[in-house]
1. Can you tell me how many residues within segment 127-158 are in contact with a Leu (Cβ under 7 Å, 6 or more places away or on another chain) and outside any strand (DSSP E or B)?
2. Looking for whichever is touching a Phe, Trp or Tyr at 6+ places or on another chain (Cβ under 7 Å), surrounded by 17 or more Cβ atoms within 10 Å (Cβ to Cβ), closer than 30 Å to E169 by Cα and among the hydrophobic types (A, V, I, L, M, F, W, C) here; the options are F141, F62. Which one fits?
3. Quick one: would you say D61 is without any contact (Cβ under 8 Å) to a residue 12 or more places away in the chain, farther than 19 Å from T143 by Cα and not in a strand (DSSP E or B)?
4. Looking only at residues that are part of a helix (DSSP H, G or I) and touching a Lys or Arg at 6+ places or on another chain (Cβ under 9 Å) in segment 71-105, which one is surrounded by the fewest Cβ atoms within 10 Å (Cβ to Cβ)?
5. Please specify each residue of segment 106-118 satisfying the condition of being more than 14 Å from V151 (Cβ to Cβ), outside any loop (DSSP other than H, G, I, E, B) and charged (D, E, K, R).
6. Would you confirm whether any residue within segment 73-82 is within 20 Å of Y55 (Cα to Cα) and without any contact (Cβ under 8 Å) to a residue 12 or more places away in the chain?
7. So for segment 17-25 (the condition being of a type in the set (G, A, S) and either under 17 Å from P163 (Cα atoms) or surrounded by fewer than 19 Cβ atoms within 10 Å (Cβ to Cβ) (or both)), does at least one residue qualify?
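What follows draws every value from the coordinates through simple rules; no lab data is involved. This structure is a prediction, so every number in the text was calculated from the model and none was measured. Here the Cβ is made from the backbone with ideal geometry for all residues, glycine too, and neighbour counts use every protein chain on show.
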Amino acid sequence: MADAIQTLVQQHGIKQIALVVRDLDASVRAYWDLLRVGPWTSYTLTPDVLKTLRYRDGPGDFSFRHALANKDGVSLELIQPLSGKNIFSEHLEQHGEGLHHVGIYVPDQPKAMAELEAAGFRHLQSATGFGANGDGAFAFFETDHPVCTIVEGIGAPAVRRKPSFVYPEEA
């Protein structure tokens, strides 16, 4: 089991650290005002945008807002769940706000996800189509191994959609 995650991390590195929040707007402002992390680029992802939504062992029907900012070569992500059964709402209910997952950008997302599943990681949630051209994919996995966090495999889109907002507008 450890070999699959070691191989992915060794090849691609952890490039994202994500936190779940109750109020995305307030959190983005706080990270900027208190820590000068930003600018934040936000997107709203819904079933109208996403394709092949999966939640645990069945189809998914979830939506969320998220904002991304880069700091020292790592992408920070803040996620606010909006609707449907999803792992972000579960985290808020069970643990409150805070660290949710680490993300790994992979060039072949389906292959990386198959490797994680073959190594015993359990699929939690996934979707495709978040890019402007309908490409891009993400999948979240958990494990009993002492990684102690969820791992996301991210297939970056060629072009991002137009953001919902950028904060601050001029950093």
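1. Qualifying residue count for the region: 3.
2. That would be F62, the only listed residue that is touching a Phe, Trp or Tyr at 6+ places or on another chain (Cβ under 7 Å), surrounded by 17 or more Cβ atoms within 10 Å (Cβ to Cβ), closer than 30 Å to E169 by Cα and among the hydrophobic types (A, V, I, L, M, F, W, C).
3. Judged against the criteria, D61 is not a match.
4. For segment 71-105, the residue satisfying everything is L92.
5. K111
6. Checked against the condition, which is being within 20 Å of Y55 (Cα to Cα) and without any contact (Cβ under 8 Å) to a residue 12 or more places away in the chain, segment 73-82 yields no hits at all.
7. For segment 17-25, residues of a type in the set (G, A, S) and either under 17 Å from P163 (Cα atoms) or surrounded by fewer than 19 Cβ atoms within 10 Å (Cβ to Cβ) (or both): absent.
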